Structure formats: C-alpha cells, structure tokens
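Engineer: There's a structure below that I have some questions on.
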Amino acid sequence: MQSQHKLTQHILIALLLGALCGLIINTNSLENDWIDRFITDGLLLVMGKWFIAFLMLLVVPLVFVSLVKGIASLTDIAKLGKISLWTVMLYISTTAIAVGTGLILAAIISPGEGLNLSIGAKEITTTPPNFVDMLISFVPNNPISAMAQGNMLQVIVFALLFGLGLSLTAAHKSTHNLINFFDELDAVILRMVTLVMHLAPIGVFALMTRSVASQGADVFIPLVSYFLTVVGALAIHAFITYPALLKTFTGLSPLVLFVKLKDMATFAFSTSSSAATIPVTLATTQRLGVSTQVSGFTIPLGATINMDGTAIMQGVATVFIANAYGISLLPADFAMIIITATLASIGTAAVPGAGLIMLTMVLTQVGLPIEGIALILGVDRLLDMMRTTVNVTGDVVVSVIVADKTEQLDREQYHRPH
Ligand code: ASP
C-alpha cells in the first residue's frame, strides 16, 4: 500500500512539473523553434500518445471482462434490474442538476454580454448529430466491430447480454469453467492496469507539458467570464452537490471519497478522457468498497453516458453564445437547454474535445448559430481537463450510492486508508 501512496505522490509531482515545463516552453517557443520540433511535438508527443494508448488498449477487454464477470456472478437477476434502475436514474438526474447549476450561474454572471461577435467568429462546418440515430446505434449489429471500434455503449450491451446468458446457463448446465475463465482473465487484466499505472508519472508529465505549452494566456482574456462561470459551476457540482448527495443517500463521509479520488482525478485531468481513465476509475471504486458487480456495470456505462461536467459546459456555453450574439433566451429555452444538454452529454464520446462537438446539438435545438462554438474553442482545452475530472467523479459518487442501495458496498473497505 506504501507503493500506491508513492505512486500518487509521483503522479502529482509529474502534474506540477509538467505545468511548469509547459509554461517555460510556452514563453520560449517562439524564439526556439527546435523546442517545438524535438520536444513538444517530438518526445513529449510520443510519450503522451503512448501513455493514452496503453490505457485505451485496456479499456475494451477490461470493460467486457469485468462486466461479464460481474453479471455472471449475479445469482439474483432482479438485483441487476435494481442496480440498473438506480444507476440510470442517478446518472440522468445528476446531469440535469449539473446543467441547472450551470444555467443559474450563467444567468447571474451573464458571460458574453456586450461581446462584439463579428471579431473572431470562424466558419465551422459540423452537422449536429441526430438523436434518433444515436438511440438506434446503442445496439450493435456486430459485437466484434463494436469492440474493434471501441464503441463502449455497444460493448456494454453485448457484455450485458453475454453475462446474462452465462449466469442463466450456469444455473442448469456446467458453464462454471467459463465463469472461472472470466474470473481469471479479470485478474490478469487488473494486473495489467497496475503495470500501466507505473507509467503514469511519465505519461502525465508529457500530457501536461504539451497542453500547457500550447495554451497562450492571451486566448483567455476575452473569455474570462465564460471560463470562470464554467469553473464555478464545476466546483459547486463537485464540492457541494456530490457530497450532499452522498451524505443524503448513504450517510458516508465525502471526505474519505475525495481523498481516494486523487489518482483518478489526475488521470482524468491529464488525459481529458473518461474512457482512458476507466481502468483507474474501476480501481478507485474497488478501493472505496464498491463490489465489482456494481462497478463493472456503473463505471463503463458512466464513462460513456454520465458527463455532468460536459453538461455544465454545454449549458453555460449556450447562454454565453446567446449573450454574445445578443439573442435573449426565454424560460422555455432554458428548459430545452436542460433537456438537450442532458441528452447531448449522454451522447458525448468519452474522448478529448467531444463535448464541444455535441454542443452543436444543443445550439441547434435552441436556434443559436453553430459558428458560436469558434468563440470558445480557445479555452476549451483547459476546461476539458476540468470537466472530465468532474465527469469521472460523478461516476464514482453514483457507483458508491448504487452499491449502498443494493447492499453491494463494503463499508469497512470504504473507510480503510487504501
Ligand atoms: N473529454 C470529456 C470526457 O472524456 C468529454 C468532453 O466533454 O469533451 O469525459
């Protein structure tokens, strides 16, 4: 356990060092072209991409195997129904609360008011995604292609069906060998996660340096009010809403949860991807005493559909763009933003920058120009890091609540230091 503690320290140090080196590169790169060529877009690029690839290569096998293992070991199928019901209900309601928080804060601060739009708006050619197509695509035609493409929702649907089949046949026939096989495979993949975690300090350093190096301070100035509104709403959601929900539903201390979240938060922050963070998020829920039957389901699903941070950004961005174009929003528009931002965040892929693409759906729904997205592009990188951290925190909080409500939480483990 000592080594886990050391690793956390190393990752945090890497994060800070990365930010520092990024700042140095950012202020010197204009004079030193070779820094960009050999360091930022050379060595650091390779190290960062390798690290993300190592995490991503684990995601499909990990999600599939842990979900199948979890479902197959569930002897009481009614329990699966209870787990799914609690999970989906909490995921959707926390996201709606998140957008609401963003909108209230945006209404108070009014970011973007008085902004002269004709400056800076570039043409953006993105077609808004269609919601019906999104619903249809939940069920895969071909599970192998779903896995090959890393389509998490489709992998989850297939794994659920496979796990159910396995659990039902185990009652009558001898599929115990197969169940054992998945148990053993799960242990191997979790060991691989631990191995990859050891690369984290290097990976986090490379990713941090690159993202700080590419962000000039000047892009922030016209967007300060937008930036601060999003950050404020993210902070309220993470530090007030989540602890309040956890306390109300389970009576557990939120502080314990936050202390154990450190590693996961650094991963999410530096990778900007809920999907790449799945291996670490799963490990975190285990340390919090959530049974794998619950976390095997809630974490991959949450990484895919539960994005409270993204929904906050989408809500605030919509108000910002409306203000910037001088378009006033009616109460009905706000209701529409809550509904569409909740749906858009469900459809957002768990990869860097995806939330911005889905924002087109919200803007189209309330009749705002999609080109407005160009306005906020400059600060999106940093906001993406922060909102991804909130996204995965939400998954963990909901997992703990669901585990508690379905008697799948080891409360002693929750309070144990590691
Ligand atoms: N990067 C976010 C995530 O993976 C999605 C987004 O908001 O862009 O959770």
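No value in this document is a laboratory result; all are computed from the given coordinates. Just so you know, these numbers come straight off a predicted model, no measurement behind them. Reconstructed Cβ throughout: ideal geometry from the backbone, glycine too, with neighbour counts over all protein chains shown.
Engineer: Could you give every pair whose Cβ atoms fall below 9 Å, whose first residue belongs to segment 354-373 and is within 12 Å of the ligand (Cβ to nearest atom), and whose second residue is part of a helix (DSSP H, G or I) and of a type in the set (K, R), counting only separations of at least 6 or pairs across chains?
Structural biologist: What qualifies is G355/R387.
Engineer: Considering only residues that are more than 24 Å from T304 (Cβ to Cβ) and either surrounded by 14 or more Cβ atoms within 10 Å (Cβ to Cβ) or polar (S, T, N, Q) (or both), which ones fall in segment 317-335?
Structural biologist: Quick first cut of segment 317-335, residues more than 24 Å from T304 (Cβ to Cβ) only: 319-335.
V319, F320, I321, A322, N323, A324, Y325, I327, S328, L329, D333, F334 - these are the residues of segment 317-335 that are more than 24 Å from T304 (Cβ to Cβ) and either surrounded by 14 or more Cβ atoms within 10 Å (Cβ to Cβ) or polar (S, T, N, Q) (or both).
Engineer: Let me ask something else. Look at T310 and say whether it is within 27 Å of S84 (Cβ to Cβ), buried (at least 24 other Cβ atoms within 10 Å of the Cβ) and more than 12 Å from the ligand (Cβ to nearest atom).
Structural biologist: Working: within 27 Å of S84 (Cβ to Cβ): yes; buried (at least 24 other Cβ atoms within 10 Å of the Cβ): yes; more than 12 Å from the ligand (Cβ to nearest atom): no.
No, not satisfied.
Engineer: Report, by residue number, each residue of segment 314-336 that is within 16 Å of the ligand (Cβ to nearest atom), touching a Ser or Thr at 6+ places or on another chain (Cβ under 9 Å) and of a type in the set (A, V, I, L, M).
Structural biologist: Answer for segment 314-336, where residues must be within 16 Å of the ligand (Cβ to nearest atom), touching a Ser or Thr at 6+ places or on another chain (Cβ under 9 Å) and of a type in the set (A, V, I, L, M): just V316.
Engineer: If you go through segment 243-281 one residue at a time, how many are surrounded by fewer than 17 Cβ atoms within 10 Å (Cβ to Cβ) and among the basic types (K, R)?
Structural biologist: The total comes to 2.
Engineer: Checking T393 against (1) within 22 Å of F138 (Cβ to Cβ); (2) buried (at least 23 other Cβ atoms within 10 Å of the Cβ); (3) of a type in the set (S, T, Y), only one condition comes out false. Which one?
Structural biologist: Every listed condition holds for T393 apart from (1).
Engineer: Another one. Do the conditions hold for L383, that is, is it among the hydrophobic types (A, V, I, L, M, F, W, C) and surrounded by 24 or more Cβ atoms within 10 Å (Cβ to Cβ)?
Structural biologist: So L383 passes the test.
Engineer: Can you pull out every residue in segment 322-374 that is touching a Gly at 6+ places or on another chain (Cβ under 9 Å) and acidic (D, E)?
Structural biologist: Answer for segment 322-374, where residues must be touching a Gly at 6+ places or on another chain (Cβ under 9 Å) and acidic (D, E): just D333.
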